[in-house]
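Here is the structure we will look at.
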Amino acid sequence: MTLRLTDTRTGEQRPFEPIEPGVVRMYVCGPTVYDDAHIGHAMSAIVFDVLRRYLEYSGYRVIHAQNFTDVDDKIIQRAATLGIEPRELAERLIEDWLRDTARLNVKPATIYPRATQEIDTIIEMIKGLIAEGHAYAVEGGDVFFRVDSFPGYGKLSHRSLDEMMAGARIEVDPRKENPMDFALWKGAKPGEPAWDSPWGPGRPGWHIECSAMIYRHLGDRIDIHGGGADLIFPHHENEIAQSEAFTDQEPLARFWVHNGLLQLGGEKMSKSLGNLITIRELLERGDGEAFRFLVLSSHYRSPLTFSDEAMDSARRGLARLQSAVRDFDPATAPETAPDHALARIADETRAEFRAAMDDDLNTPVALSHLFELARAINRERDAGAPAAAVAYAQSVLKELAGVLGLTLETTTQRTDEAIEPFVDLLLEVRAELRKQRLWDLADRIRVRLGELGIRVEDTAQGSTWRRE
Ligand code: ZN
């Protein structure tokens, strides 16, 4: 069996084969760093982490690039609200992202390019596109991509230009030749971060950075391009147009892989609805691994509904797997399967797990096989099976769970749960001390908690804490 993946561009599932044998070049669109990342971002990061882990498990070397959009209107606006430099805001949020995704057990990308560090390549591409008639500069220092020059425009979202125009909210700009033309370069407004260019000081449009990063770090064509389904149009459609028009090579990506979007109890999660859950909130509740389990329990291309009930059921499912390996000691696990029914069940589970994952990463089915193995381990252990057979089956369960990024470890979760009431109590006492203006004592609590890895933050609504 070999891995079969669904490619959004062709709409088909077909066997995965990389351009260079044994090596996978994968680019995944990362966050625009203007605010705390939320669980929708976490879902996408987990989906592509599992794809990467499975490719590595299957013997490939994976070069995984994930960008940070670190210059953009929203960053500039938010930084102004906070009274800090856009660069400072971006830097802080990138650090948060790296720490929070690590705590979600997402493997670090091989490369993390940032828009502001790719300006030379971006300018080189825009110059090339203008030279070939695919782009044009207008008054004000903007440069637009000429969609009419690229006959394949619409091949990813399977829409014609007319259909796109009917569905899109297009800003009227008389400088554009076609309303669907999009910005490659934006002339600088006063006070904004800007770089010199042949079209005057300005900054890149959003879409061009990904094309430039792929071109510079991974080459003309890549094996997998990933992101959330909300990026198909216009972002990925525009990436295809820019890259393929510039390199004259196609397809930019052999496989376009898109994850379904996360919904909050049936509603779209959005800042304007005030129902965003940040990754940090999730981690503070000790729910990192349970959330990964929730993501895995639905197929990556389907929308995922986040709710209290869904999280409860994910926690229970995770606990069932954890219970089967609670007493696991790797030192006692034999390398080869002992002659015992449980060991044979473990080996069959591995084969079934692979078959499910090969079927377009069917993680719900893969998980169901892990449950069967967990049940068999509990049953045989209770029935007095030899320690070696139990340990072997447990090692297989750990191995396969690991391919999904599940550690099945319970220690950190337990400590987090255990300390919560005590830290809350300390903060209550501290609030009282502050009321009585006993600042020294209040500060000592904050500093000592900091030394213990607990960061206290004082806001107008009171104090909050989180683990570092
Ligand atoms: Zn992108």
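Of the cross-linked pairs 74/189; 74/155; 127/186; 107/398; 74/186; 176/271, those separated by over 23 Å at the C-alpha level are 74/155; 176/271. Computed from Cα atoms, the angle from the helix 237-247 axis to the main principal axis of the chain rounds to 70 degrees.
Relative to the longest principal axis of the Cα atoms of the chain, helix 411-435 runs at roughly 70 degrees. Taking amide H as placed 1.01 Å from N in the peptide plane, residue 361 has its amide H under 5 Å from the amide H of 4, each at least 5 places away in sequence or on another chain. Relative to the current alpha-carbon distance between residue 14 and residue 87, full extension at 0.36 nm per residue lengthens the span by 22.0 nm.
Between residue 285 and residue 169, the modelled labels are 3.0 nm apart [label points 7 Å from Cα along Cα→Cβ].
Evaluated at q = 0.15, 0.18 Å⁻¹, the base-10 log of the normalised Debye intensity for region 118-219, with identical point scatterers placed on the Cα atoms, takes the values -0.65, -0.92. Model label sites at residue 107 and residue 131, defined 7 Å from Cα along the beta-carbon direction, differ in position by 3.8 nm. Between residue 382 and residue 319, take the C-beta separation as r, use R0 = 22 Å, and let me know the FRET efficiency to the nearest 0.05. FRET efficiency, residue 382 to residue 319: 0.80. Maximal additional length on extending the residue 248-residue 73 stretch stands at 59.9 nm, based on 0.36 nm per residue less the C-alpha distance. Here the chain is treated as a sphere whose radius is the Kirkwood value from Cα pairs; by Stokes-Einstein at 25 °C and 0.890 mPa s it diffuses with a coefficient of 99 µm²/s. Close amide H contacts of residue 228 (hydrogens built in the peptide plane, cut-off under 5 Å, sequence separation of 5 or more or a different chain): 259. The angle between the Cα long axis of helix 73-82 and the longest principal axis of the Cα atoms of the chain comes to about 70 degrees, rounded to the nearest 10. Spatial offset of region 58-132 relative to region 398-468 amounts to 30 Å, using the alpha carbon center of each. With R₀ set to 56 Å, the beta-carbon distance separating residue 339 from residue 268 gives a calculated FRET efficiency near 0.55. Amide H to amide H distances under 5 Å link residue 255 with 224, 225, where only residues 5 or more positions off or on other chains count and H is placed in the peptide plane.
Multiplying the residue separation of residue 158 and residue 448 by 0.36 nm and subtracting their alpha-carbon distance yields 98.6 nm. Placing +1 on the Cβ of every Lys and Arg and -1 on the Cβ of every Asp and Glu, with nothing else charged, gives region 327-468 a dipole about its Cα centre of roughly 720 debye.
Treating r as the C-beta distance of residue 437 and residue 329 and R0 as 45 Å, the FRET efficiency rounds to 0.25. Rounded to the nearest Å, what's the spacing between the alpha carbon centres of region 31-50 and region 260-301? Just the number, please. That distance is 10 Å.
Laboratory data are not the source of any read-out in this text; all were calculated from the coordinates shown. What you see is a predicted model, and the numbers here were worked out from it, not measured in a lab. Reconstructed Cβ throughout: ideal geometry from the backbone, glycine too, with neighbour counts over all protein chains shown.
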